[in-house]
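Here is the structure we will look at.
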């Protein structure tokens, strides 16, 4: 009996160690809200002479209020020596219709793999948020709430980018980050602080680079 207990304890310790070395997390958010607006007109365009027309009230269901609805998989594996492999696959959808967001992509919110080192930081590769998005996250009054967040006005339409290499490192109170995109989906001539974008002429592709540093007390 004593030998059996020792064997069971050893097996339990081994299973715990194996579980600590690698993990996969399934996560998600479903967000829908009812919105009432008492002063709504049509969108001003050149076709209507930039006339919003008479105001009226509207009640409607909107997908995503505080957060965009999503589900995802996040995994890590301990490679030893303070090094971990990681991946994130995150899919966005409309809670009112069930349709995919991000132009119908299955994993349009995030899709990347990477390596994380305890000493030098994290490198990730794939579709992910740009460094500007990370840097402004703590300064957005609505914490990037979906419904009324002016994130596109702040950062341009490419706050997620394809084919991107990204670095993030934490050194005491300082968090440093940088990314380079080999080609994003929307060409943009918008100039932003800390971030430079240049429009390409082939297939409406664009490239971007950004560097950030955040100091915490």
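Key figures for this structure:
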item: Pairs where the first residue, in region 118-133, is free of Cβ contacts under 8 Å to residues at least 40 places away in the same chain and at positive phi and the second is surrounded by fewer than 22 Cβ atoms within 10 Å (Cβ to Cβ) and in a strand (DSSP E or B), C-beta under 6 Å, 6+ apart; result: 126/111; 126/112
item: Answer residue from region 109-129, given it is within 15 Å of the chain's Cα centre (by Cα) and more than 13 Å from residue 86 (Cβ to Cβ) and is modelled with the lowest pLDDT among those; result: 129
item: Scope region 156-184; condition at pLDDT below 85 and within 23 Å of residue 62 (Cα to Cα); matching residues; result: 156, 157, 158
item: In region 130-143, residue farthest from residue 103 (Cα to Cα) [restricted to those that are modelled with pLDDT under 85 and not in a helix (DSSP H, G or I)]; result: 141
item: Residue satisfying all of: in region 64-87; free of Cβ contacts under 8 Å to residues at least 40 places away in the same chain and within 19 Å of the chain's Cα centre (by Cα); surrounded by the fewest Cβ atoms within 10 Å (Cβ to Cβ) among these; result: 85
item: Within region 88-103, considering residues that are at pLDDT 95 or above and crowded, with 16+ Cβ neighbours inside 10 Å, the one nearest to residue 21 (Cα to Cα); result: 88
item: Failed condition for residue 106, given (1) exposed (fewer than 14 other Cβ atoms within 10 Å of the Cβ); (2) closer than 23 Å to residue 173 by Cα; (3) at pLDDT 95 or above; result: (2)
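The values are calculated or read from the model by the stated rules, or taken from the named source; none is laboratory data. Since this is a predicted model, take the numbers as computed values, not measurements. FYI the Cβ positions are ideal-geometry reconstructions off the backbone, even for glycines, and counts take in every protein chain you see.
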